[in-house]
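One structure is given here, and the rest of the page talks about it.
A short reminder: the numbers here are calculations on the coordinates, not readings from a lab. Quick caveat: nothing in here was measured; it's all calculated off a predicted structure. Neighbour counts are summed over all protein chains in view; Cβ atoms, including those assigned to glycine, are modelled from backbone coordinates with ideal geometry.
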Amino acid sequence: IDEVEACGCDLLEVSTPTIHATMDEREGAWMKDPLETLGEGLIWAMPTYLGNEVQAYDSMESLSDGVSSETITLAYDFGGTGQAVYDGYLYYHEYETNRIRKFDLRTNTDMGWAELISAYYLGAFAYSWGGHTDIDLAVDEEGLWAIYANVSTTGRLIMSRIDGESLTVTWTIM
């Protein structure tokens, strides 16, 4: 609690979630680029937990109305709902691998992958809800993070910071 108070961040309320849109599938993800590199207010959605299509929306209103501006096809299937968009790139867990893929949303080009050594990706550990999400990605002021269960630590959570440019793991917290 001292750390929260020191940063000036106080949780004031937890309320009913806001529903921005509904899709055909129960599991999926929508993302915004915090840097808005490709434009203000753009939204990317992956309306299921397994597939290779990303839908682009011009605004939250377009997402709510179900009017996408583009459908992008990825070269590799994604698995789970833990994707992230940062600085014009989509980062996602490649289905049935221990790889994080980088995809350039400007040029629709696969930019390669980072391997999370010993990351478990077949849904056996408790972190993976229903077998659909084995690796989550998140972005903060420190960069891109992967959150996953690790085989060598018997499924305990691990966080690894990934350099978005070189796609190398630069730091891991066990």
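Annotations for the structure displayed:
- Gap separating the Cα centres of region 65-87 and region 134-163, nearest whole Å: 20
- Dipole of region 46-174 [Lys/Arg +1, Asp/Glu -1 at C-beta], most positive-end residue of Ile72, Tyr86, Leu157: Leu157
- Note, ³J(HN,Hα) from phi for region 88-103, Karplus 6.51, -1.76, 1.60, rounded to Hz, x at Gly and Pro: x, 10, 9, 10, 8, 7, 6, 3, 6, 9, 9, 10, 9, 9, 10, 10
- GNM flexibility winner over the chain from Thr154, Thr37, Thr73 (Cα, springs under 10 Å): Thr154
- Over the residues of the chain, the helix contribution to mean residue ellipticity at 222 nm works out to -1500 deg cm²/dmol, using -39500 (n - 2.57) for each DSSP H run of at least 4.
- In terms of its Cα atoms, region 57-114 spans 35, 23, 18 Å along the principal axes, sorted from long to short.
- Once the GluC sites (Glu not before Pro) in DSSP loops with at most 10 neighbouring Cβ atoms within 10 Å are cut out of the chain, the longest remaining piece is 41-140.
- For the chain, alpha-carbon Rg relative to the globular expectation (2.2 N^0.38 Å, N residues): 1.06
- Note on the chain: GNM, Cα springs under 10 Å; of Met23, Met159, Met46, the largest mean-square fluctuation is that of Met23.
- Each residue of region 46-59 was assigned a 3J(HN,Hα) from its phi angle through the Karplus expression (A = 6.51, B = -1.76, C = 1.60, θ = phi - 60°), giving 10, x, 8, 9, 8, x, 9, 10, 10, 9, 9, 10, 6, 6 Hz with x at Gly and Pro.
- With the charge dipole of the chain set up from +1 on Lys and Arg Cβ and -1 on Asp and Glu Cβ about the Cα centre, the Cα lying farthest toward the positive end among the listed residues Ala138, Tyr148, Asn98 is that of Asn98.
- Semi-axes of the equivalent ellipsoid of region 45-90 are 18, 12, 10 Å, computed as sqrt(5λ) over the eigenvalues of the C-alpha gyration tensor in descending order.
- Only Lys, Arg (+1) and Asp, Glu (-1) charged, at Cβ; the chain dipole about Cα centre in debye: 660
- Gaussian network model of the chain, Cα within-10 Å springs - most flexible of Asp163, Asp136, Asp33: Asp163
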